[in-house]
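K.L.:
Below is a structure I'd like to ask you about.
The values are calculated or read from the model by the stated rules, or taken from the named source; none is laboratory data. Here the structure is a predicted model, which means the values were calculated and not measured. Reconstructed Cβ throughout: ideal geometry from the backbone, glycine too, with neighbour counts over all protein chains shown.
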Amino acid sequence: MTSLFSTIAVVLALTCVLYRLRRRYLRAHHSRVRLRAEKVGWPLVVASLFAMVLGLAAQFPSLLAQGLLVALGAVLLAVAAAIDLCSRQYLGAPPLTIWRHVRLSTARVSTSVLASTYLGAFLPKRFMLAMASLFGAGWVLALALAGSDFASLGTASVLLVAGFVGWAGLERMRFRPALSQEAWAFLLREPKRVGDEGIARELHAADRSNACRLGPSAELLPKTILLVINESAGHWLPSSDGQTSLADRILALSGAPGEWFVPSNAVTNSCCTEISFPSILTGAGAHEGIDTLHRLPFVFDLARSRGYRTALLMSSSLGWLNLDRFVSAARLDELYCAETSGEPLVNDLGIDDAFTVRRFERLIGESEGPVFAVVFLNALHVPFQAESLYPLAAGLKDRRSRALSIIEQAHRHLFDVLQRAGRYEDALIVSVGDHGELPGDRDDPRATIPRQENFSDWVLRTLFLIKPPRDLPPALVTALRGNVDRLVANVDLAPTLAHLLGTTLSDGLAYSGKSLFEPIPAGRIAIATSANEWRPWHGAAVALARGRERLTCDRFDFLRYESGGPVDRDTGSRGRRELLDAAMEIPTLRQNIAHIYREHH
């Protein structure tokens, strides 16, 4: 009986200390956990698992054997708990929940390779050491209380089951506020979300040969069109030295910042690359169905129809959510990505951006005629590329600053390549972010929400820079200049290129975005979502933007409205209602909002 009570006492003591240790770690990293199941249930389960380790150790007569088994169990539990903590902190859910949505279609990108690019940067070594030390102290306490007969397997098994039951009970005791009329409206209209229960539809190769047709002439055919997509590059990012913004640094590196147009209110169509990237390449809205995505022409198809040599040059892997199959149908003369490069992964699923830019340099050197290239840079994806062929200043210590320096040098190299080839003046160059990223060092509640479910301004507003070709017709220059203060989105790139190249959609197709070479309506609504028909996720978030207004919905703040400026109460209430009505008209938004409230509120 003394052994039983001693076992329970040690498990409860471990639970309390684990709770405090984890809470302190999360607060130090500006993270928060709201559910009691995660706050209390998680430490209870881990402490119960350690009781099982003690129960197994008690079966060995040798104290040395017991110590080795306890040490091994302590290390394994510490590593598992640290991985769980990182997954919850950066992705908003435990690893098993996340892994259900991680689909890799390329054998080269194995689980071990993917893990290695993250664990070195994210795994909290001090937390692991503290956990292992805590378990060791628990074993010493157990020996002091009850000797080598501290815990039987039966006692440990009962405690383990009790820990899981306690965790499950806390999970079911989530507080649910009273349903508002707005919540009922979404719940009654859309009880289920596309992508629930594993029914999400996959990206695939599709025939788009009849999706567009050439007009009688093009507005202008620049010799070079370069679209740079920067992973996780938001509007608010500073330069590597923190003295100016990343946008201003890129403009300065071009040598002629006055030639560029910089929209002041540019937003993404998704906080997730798996939606934003296909949307940029086709012009399909994040809220539109997968059939529309697979019918619209690629931007490469538009350029190829006008005689351009086309290339997609990526630092990241395409073996993610079937993106490799998706782009296999594009009319590409050259495809370069992490899989085909032969270079090692250095960040997330990406290679050094320097290799990708070198490939662009080779492409320009081999091409006499017009070139259309999409260059995808990956350095700014978490955990941020920290080493590169590009020289990095010794004073840059944190990973994000080093990644920013890599992005800056990549742009410098791209500009230099075009200058040396005599192509810069006549080139159309666009540099955008697929989405933004959280600041990382701001003590703000919105900064604690994982980016995959976050449409705060850091994530929603993206880098968006345009250098038009020298001979762009005056009417197009005027329209571009007039749109600098309007709401623009990265889904506008495909219709903008179609306008310039004189191509139109056929077969009843239409772009949800707007051409930047035409005046954008003042009341235009831009839509962003983190989950849709081809990209399921355990959580979801949506955003509607109109001018500076924002209506966002996620599992942390249900239907949050921001006017974007000082307005009276009646005006704000009317604006909120108008954006809510717009959300009700879009099936994907209705489904996601209903899912958010049903699962998380």
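K.L.:
Going by the structure shown, is A205 under 24 Å from the mean Cα position of the chain (by Cα) and not assigned by TED's automatic domain parsing to the domain that holds D301?
P.N.:
Values: under 24 Å from the mean Cα position of the chain (by Cα): yes; not assigned by TED's automatic domain parsing to the domain that holds D301: yes.
Yes; evaluated as a whole, the condition is true for this residue.
K.L.:
Restricted to the range 371-405, and to residues that are among the charged types (D, E, K, R) and part of a helix (DSSP H, G or I), which residue is modelled with the highest pLDDT?
P.N.:
Going through the qualifying residues, I end up with R402.
K.L.:
Just give me the residues in the range 480-507 being among the aliphatic types (A, V, I, L, M) and in a strand (DSSP E or B), in sequence order.
P.N.:
Residues satisfying the conditions are L487, V488, A489, L505.
K.L.:
Can you confirm whether F372 is surrounded by 16 or more Cβ atoms within 10 Å (Cβ to Cβ), of a type outside the set (G, A, S) and touching a Gly at 6+ places or on another chain (Cβ under 8 Å)?
P.N.:
It is false that F372 is surrounded by 16 or more Cβ atoms within 10 Å (Cβ to Cβ), of a type outside the set (G, A, S) and touching a Gly at 6+ places or on another chain (Cβ under 8 Å).
K.L.:
What is the one condition in (1) aromatic (F, W, Y); (2) in the same structural domain as L321 (by TED's automatic domain parsing); (3) part of a helix (DSSP H, G or I) that Y597 does not satisfy?
P.N.:
(2)
K.L.:
Could you give every pair whose Cβ atoms fall below 7 Å, whose first residue belongs to the range 410-422 and is in the same structural domain as G369 (by TED's automatic domain parsing) and within 18 Å of F355 (Cβ to Cβ), and whose second residue is in a helix (DSSP H, G or I) and charged (D, E, K, R), counting only separations of at least 6 or pairs across chains?
P.N.:
From residues that are in the same structural domain as G369 (by TED's automatic domain parsing) and within 18 Å of F355 (Cβ to Cβ), the pairs are A410/D353; V417/E361.
K.L.:
Something else about it: Quick one: is I466 touching a strand residue (DSSP E or B) at 6+ places or on another chain (Cβ under 7 Å), modelled with pLDDT of 95 or more and under 28 Å from P238 (Cβ atoms)?
P.N.:
Details: touching a strand residue (DSSP E or B) at 6+ places or on another chain (Cβ under 7 Å): yes; modelled with pLDDT of 95 or more: yes; under 28 Å from P238 (Cβ atoms): yes.
So I466 passes the test.
K.L.:
Given (1) free of Cβ contacts under 8 Å to residues at least 12 places away in the same chain; (2) under 27 Å from P587 (Cβ atoms), where does R461 come up short, assuming only one miss?
P.N.:
It is condition (1) that R461 fails.
K.L.:
Which of (1) assigned to a loop (DSSP other than H, G, I, E, B); (2) touching a Lys or Arg at 6+ places or on another chain (Cβ under 6 Å) does S232 not meet, given it meets every other one?
P.N.:
S232 satisfies all of (1) assigned to a loop (DSSP other than H, G, I, E, B); (2) touching a Lys or Arg at 6+ places or on another chain (Cβ under 6 Å) except (2).
K.L.:
Further, regarding this structure: Please tell me if S515 is buried (at least 19 other Cβ atoms within 10 Å of the Cβ) and outside the structural domain of G307 (by TED's automatic domain parsing). Spell out the reasoning first.
P.N.:
Values: buried (at least 19 other Cβ atoms within 10 Å of the Cβ): yes; outside the structural domain of G307 (by TED's automatic domain parsing): no.
The answer is no for S515.
K.L.:
Would you please name the residue that is farthest from the chain's Cα centre (by Cα), looking only at residues in the range 269-295 that are among the β-branched types (V, I, T) and closer than 21 Å to D457 by Cβ?
P.N.:
Out of the qualifying residues, it is I280.
K.L.:
So, in the range 393-407, exactly how many residues are free of Cβ contacts under 8 Å to residues at least 12 places away in the same chain and within 17 Å of L253 (Cβ to Cβ)?
P.N.:
So the count comes out to 0.
K.L.:
If S279 satisfies every condition in (1) over 30 Å from L203 (Cβ atoms); (2) surrounded by 22 or more Cβ atoms within 10 Å (Cβ to Cβ) but one, which is the exception?
P.N.:
Here S279 clears every test but (1).
K.L.:
For the condition under 26 Å from D471 (Cα atoms), among the acidic types (D, E) and modelled with pLDDT of 95 or more, what is the one hit in E425, E408, E368? Give the derivation first.
P.N.:
Details: E408 fails: under 26 Å from D471 (Cα atoms); E368 fails: modelled with pLDDT of 95 or more.
Just one listed residue meets the conditions, E425.
K.L.:
With the requirement that a residue be crowded, with 24+ Cβ neighbours inside 10 Å and more than 30 Å from L220 (Cα to Cα), what does the range 375-410 give you? Talk me through it step by step, then tell me what you get.
P.N.:
Pass one, the range 375-410, residues crowded, with 24+ Cβ neighbours inside 10 Å: 375-380, 385, 403-404, 406-407, 410.
Those that are crowded, with 24+ Cβ neighbours inside 10 Å and more than 30 Å from L220 (Cα to Cα): N378, A379, L380, Q385, A403, L404, I406.
K.L.:
Give the range 533-546 a look and list any residue that's over 18 Å from P450 (Cβ atoms) and at pLDDT below 95, or say none.
P.N.:
Within the range 533-546, the first condition is being over 18 Å from P450 (Cβ atoms), and the residues that meet it are 533-534, 544-546.
Result: E533, W534.
K.L.:
Sticking with this structure for a sec: Take the conditions under 21 Å from D426 (Cβ atoms) and in contact (Cβ under 8 Å) with a residue 24 or more places away in the chain and apply them to V267. Does it pass? Steps first, answer last, please.
P.N.:
Numbers: under 21 Å from D426 (Cβ atoms): no; in contact (Cβ under 8 Å) with a residue 24 or more places away in the chain: yes.
Against the criterion (under 21 Å from D426 (Cβ atoms) and in contact (Cβ under 8 Å) with a residue 24 or more places away in the chain), V267 does not qualify.
K.L.:
Shifting gears a bit: Which one is farthest from the chain's Cα centre (by Cα), of the residues in the range 486-509 that are more than 16 Å from V299 (Cβ to Cβ) and at pLDDT 95 or above?
P.N.:
Across the range 486-509, the extreme among qualifying residues is R486.
K.L.:
Can you tell me which residue within the range 331-369, out of those that are of a type in the set (S, T, Y) and over 20 Å from S405 (Cβ atoms), is surrounded by the most Cβ atoms within 10 Å (Cβ to Cβ)?
P.N.:
Let us first name the residues in the range 331-369 that are of a type in the set (S, T, Y), namely 336, 340-341, 356, 367.
Now narrow it down to the ones that are over 20 Å from S405 (Cβ atoms): 336, 340-341, 367.
Details: Y336: 24, T340: 13, S341: 19, S367: 19.
Ranking the candidates gives Y336 first.
K.L.:
Shifting gears a bit: Give the range 527-565 a look and list any residue that's aliphatic (A, V, I, L, M), assigned to a loop (DSSP other than H, G, I, E, B) and out of contact with any His (no Cβ under 7 Å at 6 or more places or on another chain), or say none.
P.N.:
Those that are aliphatic (A, V, I, L, M), assigned to a loop (DSSP other than H, G, I, E, B) and out of contact with any His (no Cβ under 7 Å at 6 or more places or on another chain): A531, A541, L559.
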